[in-house]
Amino acid sequence: MRHDPVTAVRLFIATMAGVGFIPFASGTWGTLATIPLWAALVRFAPPAWYLPVTLVVILSSVWACGPCERVYGRKDPSQAVADEMSGYLVTMAFVPAGLWTAIAGFFVFRLTDIVKPWPARRFESLPGGLGIVADDVMAGVWGCAIMHAGLWLACRFSA
């Protein structure tokens, strides 16, 4: 199906350049595809850039995911994975760069995204791109809290 140029750009962003078309576990693949962005952001950008870049990603994801329900014919379609990018970046806010933190953050975010602790599940009912992204951002808030609690415990009880 052909789309007007703006819709095509939105779908390209929403599917993370086609990652969302992987036929199984597209959310998992979307999260994995975000790890290099997170790593580059925490390694090469000034720390003050993290939150503004994350906010831009969230707002861009809401905009990009807007037409996905209409185009793909269902609520929160699996092809839209930009929401995973937003949620993972929120999970990893102020988490130190490292292989183990990236892996831990991946699993923590996937768990919170699947379980959808309160009020994340309620946010799914919001319309369009906002509903697609908001539940993942809230799962990311929970994930961030879990990551920081885990880091605190690791520092507190390490020898």
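What follows draws every value from the coordinates through simple rules; no lab data is involved. Keep in mind that this is a model prediction, so the values were computed, not measured. Glycine also receives a Cβ, built like all others from the backbone with ideal geometry; neighbour counts cover every protein chain displayed.
Listed options for mean projected area of the Cα convex hull in nm² are (i) 10.8; (ii) 11.3; (iii) 9.8. The value calculated from this structure is the one marked (iii).
Counting pairs of alpha carbon atoms under 8 Å apart in space and at least six apart in sequence, what relative contact order in percent does the chain give? Could the numbers behind the result be given before it?
Details: 225 pairs, mean separation 42.5, N = 159.
Across the chain, relative contact order equals 27 percent.
Multiplying the residue separation of R156 and V53 by 0.36 nm and subtracting their alpha-carbon distance yields 34.0 nm. Segment 1-55 and segment 118-150 have their alpha-carbon centroids 17 Å apart.
Please list 148-158, 31-41 highest first by mean number of surrounding beta-carbon atoms within 10 Å per residue.
On the way: 148-158: 10.3, 31-41: 17.8.
Going from most to least packed, we get 31-41, 148-158.
What do you get for GluC sites (Glu not before Pro) in segment 60-159 restricted to DSSP loop and a cutoff of at most 16 other Cβ within 10 Å of the site's Cβ? The qualifying sites are E124.
Note on F107 and R121: the extension gain reaches 3.2 nm, defined as 0.36 nm multiplied by sequence separation minus the Cα-Cα distance.
Summarising the label geometry, the points placed 7 Å from Cα in the beta-carbon direction at A40 and A145 lie 3.2 nm from one another.
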